[in-house]
Amino acid sequence: MPQHVTVGLDGSAESAAAAAWAAREALLRKAVLHLLLVTDAPEPAPGATGGPDAVDEVLAGTAKALHDRHPGLEIRTERLPGRPPPVLAREAANAELTVLGSRGLGGVRGFLLGSVAMATIVGTDRPVVLVRPEHEPRPERGGEASGAAAGSVVVGVDVREACEPVLDFAFGAAALRGDRLRAVHAWSLPPFGRDALALDMALREMRPDVVGHLRNVLAPWRQKYPSVDVVDLTPIGGAAEQLLRAAEGAALVVVGRRIRTSHLGARLGPVAHAVIHHCEAPVAVVAHD
């Protein structure tokens, strides 16, 4: 079976944006685009035209629009019954990646709410990309933690944990696009109160180690992807905040996800959770051990 990129549809603006992004990604990867709509009930949503005919219209209309825009793209459509999270997670297991709208209130049953996207992410080990509608990369403003270069890929790196799948995905995405990759590792200084001298000394002593750790983590991937121009960023501050700042204007942001289980069920870690909720750029969530 050829490699394919799966996109979840629901008739909303968010899923239309996800489909447009997924079509471009499928072309980059020379993959088939799989348009999938999962319905959890046959009746239409209140106040909207629904049922099988409406579902088919969403699939056919989206496929036609994308084919008109990308005549060389191979597209297949599929409608599946069931609850969206488990069905999408099951289908994601066989896809190169799965693309979802970040929020959605579609006109047919089975729409992709934020809770559905979240449940799909934690239900599969395959990469999932979340796309907001009308995303446009913005030009770089300069500076270590300011806007990312237009078209760049940004990845969050934790040097204390193994994150090979995350880095492989990020480097691969940058290589496909011919883009620069910004690798962000945020860190914090111990509290020194108002002792500016001690703070400055600690900064000068600790920063070289932080920079060295990040370079060591990235070294194998620089060798594997020699065409990728990599910028190492080591801003001081909270990981989520600094990653969001670096992601301004990016074409794609890549975060790892480590599932944490509680009595309330599986959930994402705080950094991945913050990024997928607040980042305007498309966000790829990649599982790692």
Inset, instruction - Kindly provide the Kirkwood hydrodynamic radius of segment 153-287 in Å, to one decimal, from all pairs of distinct alpha carbon atoms. - result: 15.7 Å
Legend entry - Taking N as its residue count, the alpha carbon Rg of segment 158-235 over 2.2 N^0.38 Å: 1.32
Legend entry - Taking Ile121, Ile75, Ile236, Ile276 and counting other C-beta atoms within 10 Å, the order from fewest to most: Ile236, Ile75, Ile276, Ile121
Inset, instruction - Under 11 Å from the Cβ of Glu25, count the other residues' Cβ atoms, weight Lys and Arg +1, Asp and Glu -1, and hand me the total. - result: +3
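Quick note: the coordinates plus some simple rules give every number you see, no bench work behind them. This structure is a prediction, so every number in the text was calculated from the model and none was measured. So basically every Cβ, Gly included, is an ideal-geometry build from the backbone, and we count neighbours across all protein chains shown.
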